[in-house]
Amino acid sequence: MSAAIESVSPESSTANTYERLRPLILWLGVGEVVWISTWLFTNGGNSSALSAGVVGWSVVMLGWMALVVRLSGRDFFLNGSRWLSNLVGFTAVVAVTAVIFGAVPSVRTGLFSAAAATTDTQLIAIHVLRVLAIGAAVKYWQGQLPPHFVLLGAVPDFLFALSAIPMLMLAGNGSLGASTLLIWHVVGASVFLGAGLSMFFSVPSPFRLFDSKPDASLVFRFPMVLAPNATVPLFVVAHLFAITKYAIGS
């Protein structure tokens with residue numbers, strides 16, 4: 001009886017809530033939503049349609065992250081790995097974003113205006129945050145992740161984050177043309193392909209190649225599950241926003 005009471009005690013509930021809110025990756029996702037929304041609000045002019053779209057998008061993204069946290073507590077994504085659950089979440093974030101900002105002409109027009117007005121340095125700076133990919137390398141050294149995920153996912157992501165530093169300096173001096181920036185953003189979005197595949201190499205999935213331990217199950221559990229289902233697709237959204245700018249300019 002006392003054990004049952006303890007399991008639902010306020011102290012236990014508070015501790016569980018704290019553990020759900022503590023991981024840095026959760027706040028990285030929230031920060032990305034705020035950062036991208038700021039671009040749109042600040043540079044979108046007086047477009048009320050775009051402002052409404054940004055508010056709606058922000059609510060949907062934050063709500064999705066809350067749902068991911070809740071479902072991951074039940075191993076929803078790990079149990080669905082054979083159905084490529086993390087890729088479904090990734091696709092949903094990008095697709096919902098495309099619909100919200102692309103389906104209504106007035107919102108789309110505001111998006112184009114905001115993209116054109118957002119500076120090159122703003123569009124580059126957000127990707128410095130990807131240095132946090134080094135956390136996956138730490139997990140590897142701790143024996144919690146397989147080498148293929150680090151080599152195909154964390155290392156390229158970390159190196160791309162480092163490339164953002166000289167890119168910021170060059171962009172600040174006006175030394176980069178639109179075509180160079182476009183290529184850099186396309187490469188930045190493509191870097192995630194390695195991690196997108198390798199996280200399925202050692203869990204039940206159509207891409208499974210390895211049965212050894214450690215496997216990639218950590219990527220399907222909280223808090224790391226937020227990477228493929230929230231932070232990574234939001235970085236891709238940031239790239240797509242930049243690509244929109246340079247595509248229009250060309």
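The values are calculated or read from the model by the stated rules, or taken from the named source; none is laboratory data. Quantities reported herein were computed from a predicted structural model and do not represent experimental measurements. Positions of Cβ are backbone-derived with ideal geometry, glycine not excepted, and every protein chain shown enters the neighbour counts.
Look at region 152-170 and say how many of its residues are exposed (fewer than 15 other Cβ atoms within 10 Å of the Cβ) and within 30 Å of Asp211 (Cβ to Cβ).
Filtering region 152-170 for residues exposed (fewer than 15 other Cβ atoms within 10 Å of the Cβ) gives 159, 162, 165-166, 169.
Those still in the list that are within 30 Å of Asp211 (Cβ to Cβ) too: 159.
Matching residues across region 152-170 total 1.
Looking at (1) at pLDDT 95 or above; (2) in a loop (DSSP other than H, G, I, E, B); (3) surrounded by fewer than 18 Cβ atoms within 10 Å (Cβ to Cβ), which is the only condition Val128 fails?
The single condition Val128 does not satisfy is (2).
Given the residues Ser190, Ser175, which is the only one that is on the phi < 0 side of the Ramachandran plot, at pLDDT below 95 and surrounded by fewer than 22 Cβ atoms within 10 Å (Cβ to Cβ)?
Ser175
Specify the residue that is surrounded by the most Cβ atoms within 10 Å (Cβ to Cβ); the eligible residues are those in region 99-108 that are touching a residue at least 24 places away in the same chain (Cβ under 8 Å) and more than 12 Å from Leu40 (Cα to Cα).
Filtering region 99-108 down to residues touching a residue at least 24 places away in the same chain (Cβ under 8 Å) leaves 100-101, 104, 106-107.
So of that shortlist, the ones also more than 12 Å from Leu40 (Cα to Cα) come out as 100, 104, 106.
Details: Ile100: 18, Val104: 16, Ser106: 13.
Filtering first and then ranking leaves Ile100.
Just checking, does region 143-151 include any residue being surrounded by fewer than 17 Cβ atoms within 10 Å (Cβ to Cβ) and either acidic (Asp, Glu) or touching a Leu at 6+ places or on another chain (Cβ under 6 Å) (or both)?
Here is the first cut: in region 143-151, the residues surrounded by fewer than 17 Cβ atoms within 10 Å (Cβ to Cβ) are 143-144, 147, 151.
Okay, now just the ones that are also either acidic (Asp, Glu) or touching a Leu at 6+ places or on another chain (Cβ under 6 Å) (or both), so 144.
So far as region 143-151 goes, yes, one or more of its residues are surrounded by fewer than 17 Cβ atoms within 10 Å (Cβ to Cβ) and either acidic (Asp, Glu) or touching a Leu at 6+ places or on another chain (Cβ under 6 Å) (or both).
Identify the residue in region 45-85 that is surrounded by 15 or more Cβ atoms within 10 Å (Cβ to Cβ), in a helix (DSSP H, G or I) and of a type in the set (S, T, N, Q) and, among all such residues, is farthest from the chain's Cα centre (by Cα).
Among those residues, the one meeting the criterion is Ser51.
What's the number of the condition Leu145 fails, among (1) closer than 19 Å to Phe220 by Cβ; (2) in a helix (DSSP H, G or I)?
(2)
I'd like to check something: does region 30-50 contain any residue that is out of contact with any Ser or Thr (no Cβ under 8 Å at 6 or more places or on another chain), among the small types (Gly, Ala, Ser) and free of Cβ contacts under 8 Å to residues at least 40 places away in the same chain?
Looking through region 30-50, at least one residue is out of contact with any Ser or Thr (no Cβ under 8 Å at 6 or more places or on another chain), among the small types (Gly, Ala, Ser) and free of Cβ contacts under 8 Å to residues at least 40 places away in the same chain.
Give the residue, chosen from Val107, Val88, that is part of a helix (DSSP H, G or I), closer than 30 Å to Ala49 by Cβ and within 21 Å of the chain's Cα centre (by Cα). Spell out the reasoning first.
Details: Val107 fails: within 21 Å of the chain's Cα centre (by Cα).
Result of the check over Val107, Val88: Val88.
When the residues of region 31-47 are narrowed to those that are modelled with pLDDT under 95 and among the small types (Gly, Ala, Ser), which ends up farthest from Ala98 (Cα to Cα)?
Once the filter is applied, the top-ranked residue is Gly45.
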